[in-house]
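**Student:** Here it is: the structure, laid out below.
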Amino acid sequence: MFGMMAAGTVLAGGESLKSLALRSSGEGGAARRRPQPLEVTVDTGTGLPRYRGDDRGRILVTTDEGATWQTHANLGPDFVVLNILPTAKGTHAYVDYKGLAFKLTLSADGKSWISE
């Protein structure tokens with residue numbers, strides 16, 4: 001879907017397609033298991049947006065301490081969002097795309113994710 005992304009690429013939200021538990025390696029029909037996302041810890045009591053990823057390429061957001069989650073961005077079914085970390089320099093999503101890892105950073109306005 002996105003292939004190799006150049007630095008500065010902006011990814012926006014959308015609807016999810018379907019989860020693929022196994023995928024072909026493209027080398028003689030062999031299949032391998034997709035990487036699985038890490039668990040999420042929600043800091044309760046702040047009311048600030050919190051993010052988590054899934055194995056369907058979605059970044060989800062909650063503003064009610066994890067009671068409900070909405071799709072914030074949909075990267076596509078070939079992506080796995082491994083981890084999302086808030087830091088002093090911003091919120092970063094670590095993503096796998098067909099075995100290639102890269103990092104996305106949440107924009108200053110909190111509306112999109114930018115590749116680095």
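**Student:** Are any residues in region 74-111 buried (at least 18 other Cβ atoms within 10 Å of the Cβ) and of a type in the set (Asp, Glu), and if so, which ones?
**Tutor:** Listed by number, the list holds a single entry, ASP96.
**Student:** Just one of the numbered conditions (1) crowded, with 16+ Cβ neighbours inside 10 Å; (2) modelled with pLDDT under 55; (3) in a strand (DSSP E or B) is not true of ARG23; which one?
**Tutor:** (1)
**Student:** Restricting to region 85-116, give me the number of residues that are among the hydrophobic types (A, V, I, L, M, F, W, C) and out of contact with any strand residue (DSSP E or B) (no Cβ under 7 Å at 6 or more places or on another chain).
**Tutor:** Just the residues of region 85-116 that are among the hydrophobic types (A, V, I, L, M, F, W, C), to begin with: 85, 88, 93, 95, 100-102, 104, 106, 108, 113-114.
With out of contact with any strand residue (DSSP E or B) (no Cβ under 7 Å at 6 or more places or on another chain) added as a condition, the list becomes 88, 100, 108.
Summing the residues that are among the hydrophobic types (A, V, I, L, M, F, W, C) and out of contact with any strand residue (DSSP E or B) (no Cβ under 7 Å at 6 or more places or on another chain) in region 85-116 gives 3.
**Student:** All but one of (1) surrounded by 13 or more Cβ atoms within 10 Å (Cβ to Cβ); (2) over 9 Å from the mean Cα position of the chain (by Cα); (3) outside any strand (DSSP E or B) hold for ARG56, so report the exception by its number.
**Tutor:** All conditions are met except number (2).
**Student:** Give the residue, chosen from ALA93, ALA101, ALA88, that is farther than 15 Å from PRO49 by Cβ and either in contact (Cβ under 8 Å) with a residue 12 or more places away in the chain or touching a Cys at 6+ places or on another chain (Cβ under 9 Å) (or both).
**Tutor:** Numbers: ALA93 fails: farther than 15 Å from PRO49 by Cβ; ALA88 fails: either in contact (Cβ under 8 Å) with a residue 12 or more places away in the chain or touching a Cys at 6+ places or on another chain (Cβ under 9 Å) (or both).
The match here is ALA101.
The values are calculated or read from the model by the stated rules, or taken from the named source; none is laboratory data. This is a predicted model, so every value here is computed, not measured. Virtual Cβ from ideal backbone geometry, glycine too; neighbours counted across all protein chains shown.
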